[in-house]
Amino acid sequence: MTLTLTVDGDRWRAHLRQVADANPGLVPVLKGNGYGFGLHRLARRASWLGVDTVAVGTYAEVAEVLSRFDGDVLVLSPWRSFLPELAEPEAYDPRVVHTVGRVADLRALGEAAPAGTRVVLEGVTSMARHGLDRHALSDAAAALGRLRLVGFAVHLPMTGGHLDETDRWAAAVEASQLAGRFEGRPQLFVSHLGAGELATLRERRPGLDVRPRVGTQLWLGDRGALRVRAQVLDAHEVERGERIGYRQRPMPVGGTLLVVSGGTTHGIGLEAPTAASGLRQRATSLAKGGLQAAGLALSPFRIAGKQRWFAEPPHMQASMLLLPSSVPVPAVGDELDVQVRFTTTHFDVVDIS
Ligand SMILES: *Cc1c(COP(=O)(O)O)cnc(C)c1O
């Protein structure tokens, strides 16, 4: 019951190297399911890339990365006094750099953490997720106490064109009382800026070390290096109207029922909701008609170059597909390509050549 991610190692490593070379000061982001690869693999890969800092999403992810990467580990989620993971010994490891987005938290962290703990302050952006607002910078400077301030972070939406917003924050920081409080050259951590925008920002702010935090474009930026495959586990002929599966639904057409590896445990059929639910997209899915109108859903499994229909909702570790009789039937044991969203997929095997 295997869902396998096969990676063309030479091609993938060449892509990683190219992204690192194009992004001086790169901070690889490793979080969640490690973009499908697993945090432990990405941590080792980051060591191989030779970066001095990686970013993880949460404190729960720190331990897995600390033991496999020698440099600093920046935690992207802002520190909060009530996080249970802070009880783990790794939380205040000297290599951990904390993100703080509220003045009250800065004071509380100063009390909870060993003297000399390093922090990055975050400013709120049009994302409206976390961070200080501009008027809180002098209070933040006053609340630093014995914490060491090493940088400032802004997290930007994925849609482009946020250079001006970043630059306004850079200007605000440079003009604030924080300016004198940085240890070493102030680092400015940014996300989702293009190469041109980064270059412009560096030109405008020569006093700051601009550090792009990159996940998707780094690990998943060359999809051609990645292949996801499932196996055909069984095949049965079915007639139109025949009832099959847990739900005993009648099949709307005759053909072959394929049982393939990959189910809800792997994240199959559990797409994250997409934002694109506009009229046009709904019209497109209506136009797909046919088996969808009969209540079937399109699966991520591809056979003969096309995505095929689930015969019923995916099971925990396998899925049942309905293959119309016009399509040649793959043999038991054959491999199928699967089109997945990597950040929501758990692979049984990750095979990097
Ligand atoms: C996840 C995350 C990133 C990386 O996002 P990608 O789109 O995967 O490159 C950068 N910064 C922050 C704060 C994040 O949470």
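The values are calculated or read from the model by the stated rules, or taken from the named source; none is laboratory data. Bear in mind that the values here come from a model prediction, so they are computed numbers and not experimental data. A quick note on method: Cβ atoms are made from the backbone with ideal geometry, for glycine too, and the neighbour counts reach across all protein chains shown.
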**Message:** Based on this model, can you work out whether T200 counts as within 16 Å of the ligand (Cβ to nearest atom) and assigned to a helix (DSSP H, G or I)?
**Reply:** no
**Request:** Report yes if some residue within region 3-13 is assigned to a helix (DSSP H, G or I), crowded, with 18+ Cβ neighbours inside 10 Å and not charged (D, E, K, R); otherwise report no.
**Result:** yes
**Message:** If I go through region 27-50 residue by residue, how many of them are within 14 Å of the ligand (Cβ to nearest atom) and either under 28 Å from Q339 (Cβ atoms) or without any contact (Cβ under 8 Å) to a residue 40 or more places away in the chain (or both)?
**Reply:** 13
**Asked** Among G32, G36, which is the only one that is out of contact with any Phe, Trp or Tyr (no Cβ under 7 Å at 6 or more places or on another chain) and either among the small types (G, A, S) or not assigned by TED's automatic domain parsing to the domain that holds V97 (or both)?
**Response** G32
**Filter pass, G194 being within 16 Å of the ligand (Cβ to nearest atom), in the same structural domain as V75 (by TED's automatic domain parsing), on the phi < 0 side of the Ramachandran plot and exposed (fewer than 15 other Cβ atoms within 10 Å of the Cβ)** = yes
**Message:** Given (1) of a type in the set (A, V, I, L, M, F, W, C); (2) modelled with pLDDT under 95; (3) in contact with a His (Cβ under 6 Å, 6 or more places away or on another chain), identify the lone condition not met by L257.
**Reply:** (2)
**Odd one out for L74, checked against (1) in a helix (DSSP H, G or I); (2) surrounded by 22 or more Cβ atoms within 10 Å (Cβ to Cβ)** = (1)
**Complete:** Of (1) of a type outside the set (D, E); (2) within 16 Å of the ligand (Cβ to nearest atom); (3) surrounded by fewer than 19 Cβ atoms within 10 Å (Cβ to Cβ); (4) not in a loop (DSSP other than H, G, I, E, B), V119 fails just (3)
**Request:** Tell me which residues, restricted to region 205-261, are in contact (Cβ under 8 Å) with a residue 60 or more places away in the chain, away from the ligand (no atom under 16 Å from the Cβ) and among the small types (G, A, S).
**Result:** G224, A225, A230, A235, G245, G254, G255, S261
**Prompt:** Has region 54-63 got any residue that is out of contact with any Phe, Trp or Tyr (no Cβ under 6 Å at 6 or more places or on another chain), surrounded by 17 or more Cβ atoms within 10 Å (Cβ to Cβ) and in contact (Cβ under 8 Å) with a residue 60 or more places away in the chain?
**Reply:** yes
